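Remarks on the structure that follows.
All of the numbers you see were taken from the coordinates with simple rules; none came from a lab. Fair warning: this is a prediction, and the values are worked out from it, not measured in the lab. With ideal geometry, Cβ positions are generated from the backbone for all residues, glycine too; neighbour counts draw on all protein chains shown.
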Amino acid sequence: MDFLRLLEEVRSPFGERFFQFITLFGEELFILLIICALYWCVDKRFAYLVGFVYFTAGLAVQTLKITFRVPRPWVLDPDFSAVDSAIPSASGYSFPSGHTQGAASLFAPLAIRTQKMYLRIFYMLMFFLVGFSKMYLGVHTPKDVWISMALSLLAACLVFRFQDILLSQKHTPKISLALALFSFLTALYAWLLFSKGILAYEFASDCLKAAGAGAGFAAGFYLERTYIDFGIYCSSIPKQLLKLFLGLLGALVIKLGFGLIGAENLALEMLSYFVLVLWVLVIYPFCFTRLQK
């Protein structure tokens with residue numbers, strides 16, 4: 001908390017606006033946009049690797065959140081104040097940081113992939129800045145950030161170290177089953193804590209959404225590689241942009257459609273993320289593959 005109090009003393013209106021902007025690069029919406037663009041239009045193999053890092057690290061972070069149940073900094077210390085505009089997006093428990101995990105899960109693979117040193121430095125700087133922004137805004141402690149970053153970097157290193165196994169066709173069923181099992185156990189753990197009154201609805205919700213997304217990735221990875229194996233080629237950049245736009249529009253419709261149901265239901269929230277990821281990996285690629293024939 002001492003470091004957060006130091007940052008609190010040196011905050012400025014410009015700094016608050018700047019780091020509020022930086023934190024957007026760890027948002028779920030931004031990461032989904034980049035993964036979709038990579039998967040549909042740029043490099044499907046690399047998009048799968050990013051997905052493995054993002055979803056496995058996300059499940060690990062959510063499991064740790066509901067296990068340790070560490071309150072936010074302003075709850076730990078009532079005399080400490082976070083930036084007001086940052087509080088609404090700071091849902092769930094504090095440890096580890098979800099935004100830092102998201103940013104590191106995206107930018108670490110980009111840093112590993114590139115051969116250009118200036119880009120590698122830029123990507124590394126981005127996830128460090130996202131982590132620092134969460135501390136500057138007062139919504140996470142250094143421990144929240146560093147543990148989350150370490151988990152994501154470990155996931156990235158392992159995924160890229162064993163990428164040939166992960167993306168081997170003969171291992172696809174086993175890899176999919178392992179990730180589906182990880183997602184199921186995470187969901188079961190969250191549900192049990194919720195049913196016993198240990199976990200509030202909003203905290204269980206975040207964990208079950210991650211489990212739904214992980215299960216969607218597991219199912220989508222298996223179905224796409226086994227039955228579709230689509231190509232990303234389009235004859236022109238405008239067609240690629242149109243493909244990206246229509247896919248994102250479909251994802252938005254799914255998101256809004258489940259949102260319109262409105263009822264607080266953990267199973268429904270988990271299902272919404274399962275369907276959303278399945279749309280990205282399987283349903284939409286199947287649609288545009290059919291249209292291209």
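For this structure, a couple of remarks:
- Chymotrypsin sites (Phe, Trp or Tyr not before Pro) lying in DSSP loop within the stretch 107-200, provided at most 16 other Cβ fall within 10 Å: Phe162
- Over 31 Å between alpha carbons, listed pairs Lys143/Lys255; Lys116/Lys239; Lys116/Lys170; Lys65/Lys116; Lys196/Lys255; Lys134/Lys239: Lys143/Lys255; Lys116/Lys170; Lys65/Lys116; Lys134/Lys239
- Top positive-direction residue, dipole computed over the chain with Cβ charges, set Pro71, Leu167, Ala218: Leu167
- The stretch 16-77 and the stretch 220-274 have Cα centres spaced 18 Å apart.
- The chain: relative contact order as a whole-number percent, Cα under 8 Å and 6+ apart: 22
- Distance-filtered residues of the stretch 83-111 - backbone nitrogen under 13 Å, label point 7 angstrom along Leu192 Cα→Cβ: none
- For a modelled paramagnetic label at Gln163, 7 Å from Cα along Cα-to-Cβ, the residues of the stretch 94-111 in reach, with backbone nitrogen under 17 Å, are 105-111.
- With the simple model of a label 7 Å out from the Cα in the direction of the Cβ, Trp146 to Leu268 spans 4.3 nm.
- Mean Cβ neighbour count within 10 Å, used as a protection proxy, ranking 268-276, 58-66 highest first: 58-66, 268-276
- Rounded to 0.05, the FRET efficiency of the Glu9 and Ser89 pair, given R0 = 25 Å and the Cβ-Cβ distance, is 0.60.
- Using a Förster distance of 45 Å, the FRET efficiency for Met1-Ile237 (Cβ separation, nearest 0.05): 0.35
- Counting all C-alpha pairs of the chain, share separated by more than 33 Å (%): 23
- Taking a ≥ b ≥ c as the square roots of the eigenvalues of the Cα gyration tensor, the stretch 1-166 is classed as prolate, since a/c reaches at least 1.5 and a/b is larger than b/c.
- In a DSSP loop and with at most 10 other Cβ atoms within 10 Å, the trypsin sites (Lys or Arg not before Pro) in the stretch 78-151 are Lys116.
- Only Lys, Arg, Asp and Glu carry charge here, each on its Cβ (+1 for the first two, -1 for the last two); on that basis the chain has a dipole of about 1120 debye about its Cα centre.
- Additional length obtainable on full extension of the chain from Phe68 to Glu28, 0.36 nm per residue less Cα span: 12.1 nm
- Judged by the ratio a/c of the largest to the smallest principal axis of the C-alpha gyration tensor, the stretch 148-273 counts as oblate, that ratio being 1.5 or greater while a/b is no larger than b/c.
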